[in-house]
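Worksheet: one structure, shown below.
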Amino acid sequence: MSYPYQIKSIEDYQQAYQQSVIDPEGFWANVADHFYWRRKWDKVLDWNFKDPEIKWFTGAKLNITENCLDRHLGTLGNTPAIIWEPNDPEEHHRIITYRDLYNKVCQFANVLKNNGVKKGDRVCIYMGMIPELAIAILACARIGAVHSVVFGGFSAQSIADRIQDAQCSLVITCDGAYRGAKDIPLKSVMDDALMACPSVKKVIVCTRTRTPVSMLKGRDLWWEDEIKQVETMGNPPCPAEEMDAEDLLFILYTSGSTGKPKGVVHTCAGYMIYANYTFVNTFQYQPGEVYFCTADIGWITGHSYIAYGPLSAGATTLMFEGVPTYPDAGRLWEIVDKFRVNTLYTAPTAIRSLMSYGLGPVNHKDLSSLKKLGSVGEPINEEAWHWFKDNIGKGKCPIVDTWWQTETGGIMITPIAGITKEKPGYATLPLPGVQPILVDENGKELKGNGVSGNLCIKFPWPGMLRSTYGDHERFRKTYFSTYENLYFTGDGCLRDEDGYYRITGRVDDVLNVSGHRIGTAEVENAINMHAGVVESAVVGYPHDIKGQGIYAYVIMERLTHDLELTKKDIAQTVARIIGPIAKPDKIQIVGGLPKTRSGKIMRRILRKIAENDLDNLGDISTLLDPSVVEEIKKGKL
Ligand code: WT7
């Protein structure tokens, strides 16, 4: 595989960037020419940010799996597509070549067809990080079904909300999942979710942990049995469904500032081009390299940079089932050594956590294969950046600090590995095709360098979301109504004297806990479901490892003797309703919350208290009852 659109120097970058702004349609058409199309487009781009409506490659016909699989068979058939490393280092790893992957995807696509799945149907996938998860999403794409992957850490309630919103007709899950020292009983959690999901007609269960499960007759089927059926049919091929450029590829739910997660919609052609272009360029992928992204396919990073980006580029992508600290904090370095990994793409929270173990687990590991490092999900602090650079990259590997979002489909602002001069804490420069703009509160553009404001994007890029599932008005309101004719990211950002971008964090009520996006309203709703809770307010505070921790202020109907137990129960309720990732780190029981006369909670004050910045609370005179502030300060944890 060669990548004629791969940037090779900073001059190349500048030229590509210029062209992408002067002639975006010509620029992206040139990239798109290097993909496999059933039919090429009539028009590259139609758009307006008012309705809003965004369409790329109108009239084109394709199937993303023909680009990820079929087109590689001739040259890369025997090349590893996926290297899979299990949770338990004693268990054998698996290597799946492009030909194996093609066969397995076709086989499972036929299983889906045998079970009545048709183009356009929604399929919920709730699995651990095993190769069958990648096979499942590709099999959906093969037949034009829309996948909605739900991260294995979400609760039954969260799954049910997502299945209902998308009206999924089929679910793919596992008996259980291994994650570090834990076994997660996926099927049993799914059974609880499905009690509230009448749209689901079939459930396919893949064996992983051999945890006993109950199988509902007529609804639940074993993955392995279904595959056998396809085998007895003589393993017929599964021709790829011809998709329109703007047909849905997948839905992925993410948190916003309201209580209800949004189904971010990505479509076939634009997403494919963008995931591939950003992968090939950001990481400067070279044929034969081994690339390792530590994310979970349950998040967008896994969709774009474990599955679709690397596979569409014919790359070898390493998929790891476990966590960086199991069985010990040397695990990632062992994996790098074992498979001679060339690129490692991970999250600041993982780096900070590994840093806390000191250099013991790093010493004596052979990391000499590493050429490029990457970071994603949250701002990376300088200390973690230098630790990564010096101790993992041994001073010789570039680090790409990639800023993007579930909504953007792929990387937006980042250094290009080895080409862009890096600066710790900075995502540096926009990739070609990305036109960032900083605005003040009133939407006025902040021109020039040395400014900071809210980060918006003023022109469409192929990977951007097209809607929020089932609610286009919400899409408009969330992203295009704050500032006229701009896509608003929700992030604050600074552009320094060199024109480099530094993301400073969310400016809305969204938290970033260990790189996971969590809406404060969602956590509050969950807390409020706990018996005896009158009201709650949730804010973020700086956390050494997680980046942000969750701080909850809770008013109880009456106080019990054992406050500690009450707090523990509340945290448990949140874990049960949303999932363990949303569990508050600190809960303070309070008598009242600081509210304005119109009843609005003043989160600014609560944030300051949570941050322990008690002397800078600002003006509290507009509060209905300023004395609650003193009381909260006194009870501060
Ligand atoms: C939010 C998006 C991008 C995939 C993983 C997270 C924050 C992401 C960076 C970065 C500073 C970052 C932003 C963004 N974020 N990358 N390199 N530097 N902040 O996707 O769950 O949709 O979250 O993550 O606040 O808006 P997500």
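For GLU85, the stated conditions hold: it is buried (at least 20 other Cβ atoms within 10 Å of the Cβ) and at pLDDT 95 or above. Output yes when any residue across segment 194-216 is within 30 Å of VAL44 (Cβ to Cβ) and either small (Gly, Ala, Ser) or in contact (Cβ under 8 Å) with a residue 24 or more places away in the chain (or both), and no when none is. Scanning segment 194-216, I find no residue that is within 30 Å of VAL44 (Cβ to Cβ) and either small (Gly, Ala, Ser) or in contact (Cβ under 8 Å) with a residue 24 or more places away in the chain (or both), so the answer is no.
Of the residues contained in segment 538-560, none is found to be in a helix (DSSP H, G or I) and either under 22 Å from the mean Cα position of the chain (by Cα) or more than 16 Å from the ligand (Cβ to nearest atom) (or both).
When each of ILE419, ILE411 is tested for being touching a helix residue (DSSP H, G or I) at 6+ places or on another chain (Cβ under 8 Å), more than 18 Å from PRO460 (Cα to Cα) and assigned to a loop (DSSP other than H, G, I, E, B), the lone residue that passes is ILE419.
Entry remark, segment 401-411: residues being within 9 Å of the ligand (Cβ to nearest atom) and touching a Leu at 6+ places or on another chain (Cβ under 8 Å) number 4 in total. Within segment 429-443, does at least one residue satisfy the condition of being part of a loop (DSSP other than H, G, I, E, B), open to solvent by 10 Å² or more (accessible area, probe 1.4 Å) and within 16 Å of the ligand (Cβ to nearest atom)? Within segment 429-443, one or more residues are part of a loop (DSSP other than H, G, I, E, B), open to solvent by 10 Å² or more (accessible area, probe 1.4 Å) and within 16 Å of the ligand (Cβ to nearest atom).
So, in segment 486-530, exactly how many residues are of a type in the set (S, T, N, Q), more than 12 Å from the ligand (Cβ to nearest atom) and touching a residue at least 12 places away in the same chain (Cβ under 8 Å)? Result for segment 486-530: 2.
Restricting segment 293-351 to residues that are part of a loop (DSSP other than H, G, I, E, B) and among the β-branched types (Val, Ile, Thr) leaves a set whose member that is farthest from THR408 (Cα to Cα) is THR325. Report the residue count in segment 281-306 for those that are surrounded by fewer than 24 Cβ atoms within 10 Å (Cβ to Cβ) and among the aliphatic types (A, V, I, L, M). Going through segment 281-306 one residue at a time, the tally reaches 2. Within segment 377-398, the set of residues being touching a helix residue (DSSP H, G or I) at 6+ places or on another chain (Cβ under 6 Å), within 15 Å of the ligand (Cβ to nearest atom) and outside any loop (DSSP other than H, G, I, E, B) comprises ALA384, PHE388.
Out of TYR483, TYR469, I need the residue that is crowded, with 20+ Cβ neighbours inside 10 Å, over 22 Å from the mean Cα position of the chain (by Cα) and away from the ligand (no atom under 15 Å from the Cβ). Which one? None of the other options fit; the residue is TYR483. Selection within segment 352-376: residues that are hydrophobic (A, V, I, L, M, F, W, C) and in a loop (DSSP other than H, G, I, E, B). The member of this set that is farthest from the ligand (Cβ to nearest atom) is LEU359. Taking into account only those residues within segment 492-535 that are in a helix (DSSP H, G or I) and open to solvent by 30 Å² or more (accessible area, probe 1.4 Å), which is nearest to GLU441 (Cα to Cα)? Only one residue tops the list, namely ASN525. Just wondering, is there one or more residues in segment 229-237 that are in contact with a Ser or Thr (Cβ under 7 Å, 6 or more places away or on another chain) and among the polar types (S, T, N, Q)? No, segment 229-237 contains no residue that is in contact with a Ser or Thr (Cβ under 7 Å, 6 or more places away or on another chain) and among the polar types (S, T, N, Q).
Looking only at segment 594-625, count how many residues are part of a helix (DSSP H, G or I), of a type in the set (A, V, I, L, M) and open to solvent by 50 Å² or more (accessible area, probe 1.4 Å). Final tally of qualifying residues: 0.
The values are calculated or read from the model by the stated rules, or taken from the named source; none is laboratory data. All figures in this text were calculated on a predicted structure; none of them were measured in a lab. Every residue, glycine among them, receives a Cβ derived from its backbone with ideal geometry; neighbour counts consider all protein chains shown. All accessible areas refer to the heavy atoms of the entire protein, side chains included, with ligands and DNA or RNA removed. Shrake-Rupley method; radii C 1.70, N 1.55, O 1.52, S 1.80 Å.
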